[in-house]
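Student: Below is one structure. I have some questions about it.
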Amino acid sequence: MIKKESSNAPQKLPLVGSLQVYKYKFSNGLKLLVLEDHSSPTFAYQTWYGVGSRDEVKGHTGLAHLFEHMMFKGTKNHKEGEFFKLMKAVGSEGENAFTSKDYTAYVQELPKEHLEFIAQLESDRMQNLIVDDAAFTTEREVVQNERRFSYENNPDGLMYQEIFGLAFTEHSYHWPTIGYEEDLSRMAATEASQFYKNFYAPNKATIIVTGDIKHDEVYNIIKKHYEKIQTSETLNIQQARESTQTTPRRKIVKFNIQIEKLYMGYPVPEILHEDIPALQVLGEILAGGKSSRLYRALVNTGVSSDLESGVLENTEPSLFLITTNLQKNKKAAFAESIILREIQRLIQEPIAQKEHEKVQNRMSFAFYEGLSHNSSLARFLGKYEVISGNFEEGVKLFQKSLVVNAEDIKKAAKKYLIPDHRSVIIGVMK
């Protein structure tokens, strides 16, 4: 096969205000997004892989998250433990990694003079990771311990896991990102090695660089270290579609807790659906701050101590989630009845202009605040580039949310927050 040469002419795309994103694509499928900001002598460098727990198959769950850990093991060029030592030596901050249902990302922020250093390290991890029995067994034990701490002994982690398990019966969003214990226990290094070959490749990756750098210099360095890395085979993973839910689903989970917890989930569309902006605003009206409807109905009345609501942004159809922790001796079933009442009130009664404007102001502040730092700006670009195919979709979502009107919000609530479509997890004392 004859490879086409990469063009060094980027797409120059507006973000907001004077911010411009330079977007490159290499012959091996690797995407590069660069945003220059010379206000401080640092830059964020993030690598986003388009692989998450939704790309796993039943009986082999937890591989995507396990690889978040495996990527910090040794490579053919760097021994185990060297990555963090080298990063510390150059003054790096915020080294982290996270896995979701749709993506896995590796993030760090460094002084401006160390761009080639981090490009060399990350390109090495992409192609030369050692996935042997010893490394695999060690990290599997780490993940199993994390599972026990973060999920099995953590009520909120388990509640989040349970709501997806209840709401999704056919789609791969059903299982937790961390995987099931029985799958982890029987997992072998050979599976992990194949997963690495399938998904840790340039055609599955997007590199984001934001900060005190020049876009053409970034391009040349990325080309030097990444362009010769081979692509992986494109896998055609068919996702099952959920059947329409016709009756509420309920589950009670017992914990060592002193209060009850409530998680309610409603099926909603994927990130690119036209109704997502209205659902985003709806989430803020219900539980965005102390003046929101559910805060006044639950927290101000002494029923709950805190609450959240909002549409979960995913590549595939997901959930509109409402969560709350009850005050001591208060019942989750009572809180649920209040939530259902407030949703019906929102559908039936007018939404005041002042309330709507306050929500829009909150959303605007949060959006621009999220673009004010190298790392959060890179995270915005990476997330939307991966889950929607283009970071510009994230900007469009925000812009559309500002023109959503009161009727749009009411229609979204009526269309999606249907009582018979809800899944409910109640956490109670053992």
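The values are calculated or read from the model by the stated rules, or taken from the named source; none is laboratory data. Note that the structure is predicted; figures quoted are calculated from it, not measured. Note: ideal-geometry Cβ built from the backbone for every residue, glycine included; neighbour counts use all protein chains shown.
Student: Name the one entry in 127, 108 that is over 29 Å from residue 313 (Cα atoms) and at pLDDT 95 or above.
Tutor: 127
Student: Pairs under 8 Å by beta carbon, first residue closer than 23 Å to residue 244 by Cα in region 151-166, partner of a type in the set (Ser, Thr, Tyr) and part of a helix (DSSP H, G or I), six or more apart or different chains?
Tutor: 161/151; 164/173
Student: Only strands (runs of 3 or more DSSP E) wholly contained in region 15-112 count here; list those with 3 or more residues that are aromatic (Phe, Trp, Tyr), in contact with a strand residue (DSSP E or B) (Cβ under 9 Å, 6 or more places away or on another chain) and on the phi < 0 side of the Ramachandran plot.
Tutor: In region 15-112, 42-49 are the strands (runs of 3 or more DSSP E) which contain 3 or more residues that are aromatic (Phe, Trp, Tyr), in contact with a strand residue (DSSP E or B) (Cβ under 9 Å, 6 or more places away or on another chain) and on the phi < 0 side of the Ramachandran plot.
Student: Oh, and also: Name the one entry in 162, 116 that is touching a strand residue (DSSP E or B) at 6+ places or on another chain (Cβ under 7 Å), part of a helix (DSSP H, G or I) and modelled with pLDDT of 95 or more.
Tutor: Only one candidate passes the filter, namely 162.
Student: Check whether at least one residue in region 275-285 is surrounded by 13 or more Cβ atoms within 10 Å (Cβ to Cβ) and part of a loop (DSSP other than H, G, I, E, B), and report yes or no.
Tutor: yes
Student: Take residue 228 and tell me if it is of a type in the set (Lys, Arg) and in a loop (DSSP other than H, G, I, E, B).
Tutor: Yes; evaluated as a whole, the condition is true for this residue.
Student: Can you confirm whether region 256-267 contains a residue that is under 22 Å from the mean Cα position of the chain (by Cα), assigned to a loop (DSSP other than H, G, I, E, B) and surrounded by 12 or more Cβ atoms within 10 Å (Cβ to Cβ)?
Tutor: no
Student: Do any residues in region 85-97 that are in the same structural domain as residue 68 (by TED's automatic domain parsing) have Cβ atoms under 7 Å from those of residues that are surrounded by 13 or more Cβ atoms within 10 Å (Cβ to Cβ) and charged (D, E, K, R), where the two are at least six apart or on different chains, and which pairs are they?
Tutor: Within 7 Å, the pairs are 87/95; 92/109; 93/109; 94/109; 97/68.
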